[in-house]
Amino acid sequence: MAEKFKIKKGDQVIVTTGRDKGRRGEVLEVLRSESRVVVQGCNIVKRHTRPTQTTAGGIISKEMPLHISNVAHIDPESGTATRVGYEVKDGKKVRIARRSGKALD
């Protein structure tokens, strides 16, 4: 069974390691079975594609998945990397930034 992660589609994250270190972007997709995420504008590769009936051929740039351990949430107060915690507020479970205590949702 695939793991559950604290990073979800639509979250703002920062890349912590690799050639895109420091780059920020939105999570476009979470691949739970592979423990990877696709981040907008990060880990871009070029693919040479053959033309088909639906798409034109040529060199296409696209984002490839990063391992989930190489990204971190962005703290809404300071703009730096933070870990995620949970609090129950008004009977609802809310994700919070550990660094500042502010809600992430």
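Read-outs: derived from the displayed coordinates by stated rules, not from any lab. Predicted, not measured: the structure shown is a model, and the values here were computed from it. Note that each Cβ is placed from the backbone with ideal geometry, even for glycine, and that neighbours are counted across all protein chains shown.
When the test is whether a residue is among the basic types (Lys, Arg) and either under 19 Å from Ile96 (Cα atoms) or outside any loop (DSSP other than H, G, I, E, B) (or both), Lys9 passes it. Checking each residue in the range 3-50 for being in contact with a Lys or Arg (Cβ under 8 Å, 6 or more places away or on another chain), under 17 Å from Ala81 (Cβ atoms) and among the charged types (D, E, K, R) picks out only Lys6. Given the structure, is Arg36 in contact with a His (Cβ under 6 Å, 6 or more places away or on another chain) and either crowded, with 16+ Cβ neighbours inside 10 Å or not small (Gly, Ala, Ser) (or both)? Here the answer is yes, as Arg36 does meet what is asked. Within the range 38-64, residues that are free of Cβ contacts under 8 Å to residues at least 60 places away in the same chain and more than 16 Å from Gly22 (Cα to Cα) reach partners that are among the basic types (Lys, Arg) and part of a loop (DSSP other than H, G, I, E, B) with beta carbons closer than 8 Å, at six or more positions or on different chains, in the pairs Gly57/Arg50.
Total residues in the range 61-98 satisfying the condition of being loosely packed, with under 12 Cβ neighbours inside 10 Å and under 25 Å from Ile44 (Cα atoms): the figure is 4.
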